[in-house]
Amino acid sequence: DQQVKQNSPSLSVQEGRISILNCDYTNSMFDYFLWYKKYPAEGPTFLISISSIKDKNEDGRFTVFLNKSAKHLSLHIVPSQPGDSAVYFCAASISGSARQLTFGSGTQLTVLP
Amino acid sequence: DTAVSQTPKYLVTQMGNDKSIKCEQNLGHDTMYWYKQDSKKFLKIMFSYNNKELIINETVPNRFSPKSPDKAHLNLHINSLELGDSAVYFCASSQGPSNHGYTFGSGTRLTVV
């Protein structure tokens, strides 16, 4: 019973174009969402987050959109760069739940030069 | 200065053995975690622990036990290793209601033969 789902295991994008990574969740109690980036042989590193009281959060080339009614969030990277090639994990948490994060299975993004 | 460090990075061992993975964080965080990344790439919470509370994911076999000698360390002990325990194990830490979620270690790849 996966509460956070990333249905696309991989995505390839041309350098300079937009990358859109998607994430769906089933638990309506989730009120905080995060994206992590992971390179091979390294641990995931925090990228960007959004609270459920917002529908958009932007940080440089990265923007996260949240659609609560659809229980869907997405990460936009524009313009995409070869260094963005990594696995991207979506994660969600419930306030007060010992800050435990529930992760999706990740999407491998490949940015082609 | 590694924020969350795990040792060893790789561990190959035989079935039935008992092994430990060490984790240390120098961030002054109050909560530490162990996650398991299985063959399907999901990151699943095993334990979360601070100086007040240990929360155990009910699906974790009791052969796995966390041990915390102090706030900066959370080691993972595994008894009677089984083939299905082969995975990458990530330690992480967090402090308060951080908008950045967790800081992860680089992972320990455990292979049981």
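The values are calculated or read from the model by the stated rules, or taken from the named source; none is laboratory data. Remember, it's a predicted structure, so these values are computed and weren't measured experimentally. Virtual Cβ from ideal backbone geometry, glycine too; neighbours counted across all protein chains shown. Please note that ligands, DNA and RNA were not included when accessible areas were found on the heavy atoms of the full protein model with its side chains. Shrake-Rupley method; radii C 1.70, N 1.55, O 1.52, S 1.80 Å.
Summary of computed values
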| read-out | value |
| --- | --- |
| Top-ranked residue in the range A:53-72 [being open to solvent by less than 60 Å² (accessible area, probe 1.4 Å) and in contact with a Leu (Cβ under 7 Å, 6 or more places away or on another chain); ranked as nearest to the other protein chains (Cβ to nearest Cβ)] | A:VAL64 |
| Flag for B:PHE64 being open to solvent by less than 50 Å² (accessible area, probe 1.4 Å) and either farther than 22 Å from A:ALA41 by Cα or out of contact with any strand residue (DSSP E or B) (no Cβ under 7 Å at 6 or more places or on another chain) (or both) | yes |
| Residue list for the range B:82-100, filter: buried (at least 22 other Cβ atoms within 10 Å of the Cβ) and either at the interface with another protein chain (Cβ under 8 Å from one of its Cβ atoms) or modelled with pLDDT of 95 or more (or both) | B:TYR89, B:PHE90, B:CYS91, B:ALA92, B:SER94 |
| Condition check for B:LYS44: of a type in the set (Lys, Arg), at pLDDT 95 or above and open to solvent by 50 Å² or more (accessible area, probe 1.4 Å) | no |
| Some residue of the range A:35-48 being outside any loop (DSSP other than H, G, I, E, B), within 14 Å of chain B (Cβ to nearest Cβ), open to solvent by 40 Å² or more (accessible area, probe 1.4 Å) and of a type in the set (D, E, K, R) | no |
| Members of the range B:25-34 that are part of a strand (DSSP E or B) and either at the interface with another protein chain (Cβ under 8 Å from one of its Cβ atoms) or surrounded by fewer than 21 Cβ atoms within 10 Å (Cβ to Cβ) (or both) | B:THR31, B:TYR33 |
| Which listed residue, of A:HIS76, A:HIS72, is more than 20 Å from A:GLN2 (Cβ to Cβ) and in contact (Cβ under 8 Å) with a residue 24 or more places away in the chain | A:HIS76 |
| Hits in the range B:12-24 (condition: surrounded by fewer than 18 Cβ atoms within 10 Å (Cβ to Cβ) and either aliphatic (A, V, I, L, M) or out of contact with any strand residue (DSSP E or B) (no Cβ under 6 Å at 6 or more places or on another chain) (or both)) | B:VAL12, B:GLN14, B:MET15, B:GLY16, B:ASN17, B:ASP18 |
| Positions within the range B:52-68 being in a loop (DSSP other than H, G, I, E, B) and touching a Ser or Thr at 6+ places or on another chain (Cβ under 8 Å), in sequence order | B:ARG63 |
